[in-house]
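Below is one structure, written out as structure tokens; comments come after it.
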Amino acid sequence: MNYKITKKFTLLEMIVATAIFAIVMMTVGVMFFSINSSRNKIKIYKNHTENIIALDKVFTNSFRNAIPFDWKDDNNKNLSIFIGTQNNISFAYKHRINYNKDTAIRFLAFSLNDNNLIATYSNTPIVPWLDSQTNAISEIIANNVESISFTYAAKNDNSIIWVDSWNEEFENIPLAIQIKIIWEDGSQEQWLSRVAGASLYETYGNRKDDDEDKL
């Protein structure tokens, strides 16, 4: 009669095998966590890059083409529609016509709402004394924005000064606009753009001659 002898694992072998399995699983877990963390960082960086590209495009097309523009208020007085505070801004800019309904001059306002940077476009001026903008279109151009601030360059004698607000008290629009955005993660970006219609001797539709200055 033949007897089959079955060899069983010893307790030490079981402990060693369990330890090896635990090390392998831990290594796999660390690798998976690292890959997932890298993927999330890439996704965040991609979203941030897309925000920067979108903002750069909007700022380039609008601020660099900003022009002086007057509109009558409730008292029938012509006032500049360029209104800039430290956190909001509205102005007119020259716009390329792409469709039949487009106009050569478009009006734009930037504001921050629920950590979203909003751009509001309109074919009519965006000003406080008009109750509503029936034809205005708003879109989110950046998210995860903690704060945005604007500063404005003005000419004072022969020097340039920077101010936190701009209204109808100024004769013209700013020479340049500086934009600073702080993101929710603490990082920040800055832009500096010279405007089109604020040269020293000429504004949009009005020319100022040297001879007139001497009178």
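General observations
- Residue match in region 40-61 (condition: at pLDDT 85 or above, among the basic types (Lys, Arg) and assigned to a strand (DSSP E or B)): no
- Candidate set: region 116-137, residues that are surrounded by 14 or more Cβ atoms within 10 Å (Cβ to Cβ) and assigned to a loop (DSSP other than H, G, I, E, B); chosen: the one modelled with the lowest pLDDT: Gln133
- Some residue of region 56-68 being acidic (Asp, Glu), surrounded by fewer than 16 Cβ atoms within 10 Å (Cβ to Cβ), closer than 16 Å to Ile141 by Cβ and free of Cβ contacts under 8 Å to residues at least 40 places away in the same chain: no
- Check on Ile140, closer than 19 Å to Ala109 by Cα, outside any strand (DSSP E or B) and in contact (Cβ under 8 Å) with a residue 24 or more places away in the chain: no
- Residue ID - nearest to Gly186 (Cα to Cα), chosen from residues in region 8-50 that are under 29 Å from the mean Cα position of the chain (by Cα) and hydrophobic (A, V, I, L, M, F, W, C): Ile44
- Within region 74-91, the presence of a residue that is in contact (Cβ under 8 Å) with a residue 24 or more places away in the chain, farther than 30 Å from Val145 by Cβ, of a type in the set (D, E, K, R) and surrounded by 10 or more Cβ atoms within 10 Å (Cβ to Cβ) is excluded.
- Condition met for Ile126 (in contact with a Ser or Thr (Cβ under 8 Å, 6 or more places away or on another chain) and over 21 Å from Arg194 (Cα atoms)): yes
The values are calculated or read from the model by the stated rules, or taken from the named source; none is laboratory data. All values derive from a computational prediction rather than experimental measurement. A quick note on method: Cβ atoms are made from the backbone with ideal geometry, for glycine too, and the neighbour counts reach across all protein chains shown.
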